[in-house]
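Here the structure comes first, spelled out in structure tokens, and everything after it is commentary.
The values are calculated or read from the model by the stated rules, or taken from the named source; none is laboratory data. Keep in mind that what you see is a predicted model, and the values were worked out from it rather than measured. Here the Cβ positions follow ideal geometry from the backbone for every residue, glycine too, while neighbour counts run over all protein chains shown. Surface accessibility is based on the protein's heavy atoms, side chains included, excluding ligands, DNA and RNA. Shrake-Rupley method; radii C 1.70, N 1.55, O 1.52, S 1.80 Å.
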Amino acid sequence: MDKQKKLILIDGHALAYRMFFALERTGMKTSKNEPTWAIYGFIKAIIDILKKIKPDAICVSFDM
């Protein structure tokens, strides 16, 4: 029997929004004072999913 493949679908806008407010207290910023905590949280969440679930494919969709 064939192994079933795993596809992960992510609402990128919702994840970025969630990470922005969840990690706001970290205060991570660039040298030009631009906030980076949402980007850090977004990428970390994607990496965690890849490590734990090990999907065959991943799709991230953003709202306009």
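For Lys52, what is the net charge nearby, where nearby means another residue's Cβ is under 15 Å from its Cβ and Lys, Arg count +1, Asp, Glu -1? Walk me through the intermediate numbers first.
Numbers: positive: Lys6, Lys44, Lys51, Lys54; negative: Asp48, Asp56.
Net of charged neighbours comes to +2.
Given a 1.4 Å probe and every protein chain left where it sits, what share in percent of the accessible area of the chain is carbon and sulfur? So the carbon and sulfur contribution to the accessible surface is 59 percent.
Between Val60, Gly12, Gly27, the Cα set farthest toward the positive side of the dipole of the chain (charges on each charged residue's Cβ, about the Cα centre) is that of Gly27.
Probe of 1.4 angstrom, ligands and nucleic acids ignored: what's the accessible area per residue over the chain, in square angstrom? Before the final figure, lay out the partial values.
Values: 5590 Å² over 64 residues.
Computed with neighbouring chains in place, this is 87 Å² per residue.
Only helices enter the 222 nm calculation for the chain: every DSSP H run of n ≥ 4 contributes -39,500 (n - 2.57), and dividing by all residues gives -14000 deg cm²/dmol, rounded to 500.
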